[in-house]
Amino acid sequence: MTDDRRRANRARSVARRLAMQALYQWQLGGQPWQDVHQQFASDPDFAKADAGYFRQALMDVATGREALDRELAAFADIPGAQLDPVERALLWLGLWELIHRPDVPYRVVINEAVDLARRFGATEGHKFVNAVLDRASRVHRAPERGAA
């Protein structure tokens with residue numbers, strides 16, 4: 001892997017972490033996603049992030065939350081409204097990536113979400129995130145997973 005590719009992957013990982021944190025704040029604060037974006041754009045870590053990816057993820061999840069909640073209901077046995085806000089933010093983000101970002105391998109989507117759940121979520125939350133995104137990837141990434 002080239003240095004440019006490593007740098008791009010790190011920038012995407014930082015963007016995912018910031019997007020998860022922004023979605024968490026958006027859920028709890030109820031302010032427009034644009035205000036949350038402005039706040040996070042002034043964070044010192046933002047300079048290390050893929051800014052376009054962060055903005056697209058935040059905007060698409062915030063404006064498409066209802067559709068993502070329907071997707072979540074299809075793959076999780078716990079209603080979205082009852083989930084821990086960290087896990088819900090990660091599942092929204094992961095589902096968005098599985099559905100709308102075929103350029104991101106499904107394994108990367110799942111691994112990054114699980115890593116963030118371990119770091120920021122409830123004690124066993126990473127297991128739930130892993131299971132839900134794995135189920136979703138079987139539907140949304142069947143060809144990539146080698147399914148017929």
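What follows is calculated from the coordinates using simple rules that are stated; it is not laboratory data. These numbers come from a predicted model, not from an experiment. Cβ sites come from the backbone with ideal geometry, for glycine too, and all protein chains shown count toward neighbours.
Across the range 72-87, rounded Karplus estimates of 3J(HN,Hα) from the backbone phi angles (6.51 cos²θ - 1.76 cosθ + 1.60, θ = phi - 60°) give 4, 4, 6, 10, 10, 9, 10, x, x, 5, 8, 6, 4, x, 5, 5 Hz, Gly and Pro being marked x.
Recomputing Cα Rg over 2.2 N^0.38 Å from the coordinates shown identifies the correct label among [x] 0.99; [y] 1.31; [z] 1.13 as [x]. In terms of other Cβ atoms within 10 Å, 126, 100 run from fewest to most in the order 100, 126. In this simple spin-label model, placing a label point 7 Å from the Cα along the Cα-to-Cβ direction at both residue 111 and residue 131 gives a separation of 2.3 nm.
Here the chain is treated with +1 on each Lys and Arg Cβ and -1 on each Asp and Glu Cβ, and its dipole about the Cα centre works out to around 420 debye. Spin-label model, residue 77 to residue 27: label points 7 Å out along the Cα-to-beta-carbon direction sit 2.0 nm apart. Annotation for residue 41 and residue 9: the two label points, set 7 Å from Cα along the Cα-Cβ direction, are 3.0 nm apart.
Residue-wise HN-Hα couplings along the range 36-47, as the Karplus relation 6.51 cos²θ - 1.76 cosθ + 1.60 with θ = phi - 60° gives them from phi, are 5, 4, 4, 4, 6, 5, 8, 5, x, 5, 4, 5 Hz; Gly and Pro carry x. Shown for 17, 70: other C-beta atoms within 10 Å of each C-beta, ranked fewest to most, produce the order 70, 17.
For the range 5-10, putting each phi into the Karplus relation 6.51 cos²θ - 1.76 cosθ + 1.60 with θ = phi - 60° gives couplings of 5, 4, 4, 5, 5, 5 Hz, in residue order, rounded to whole numbers and with x for Gly and Pro. From helices alone, the chain scores -24000 deg cm²/dmol at 222 nm; the rule is -39500 (n - 2.57) for each run of n ≥ 4 DSSP H residues, then divide by the residue total. Under 5 Å from the amide H of residue 141 lies no amide H of any residue 5 or more positions distant or on a separate chain, with H modelled from the backbone and absent for Pro and chain starts.
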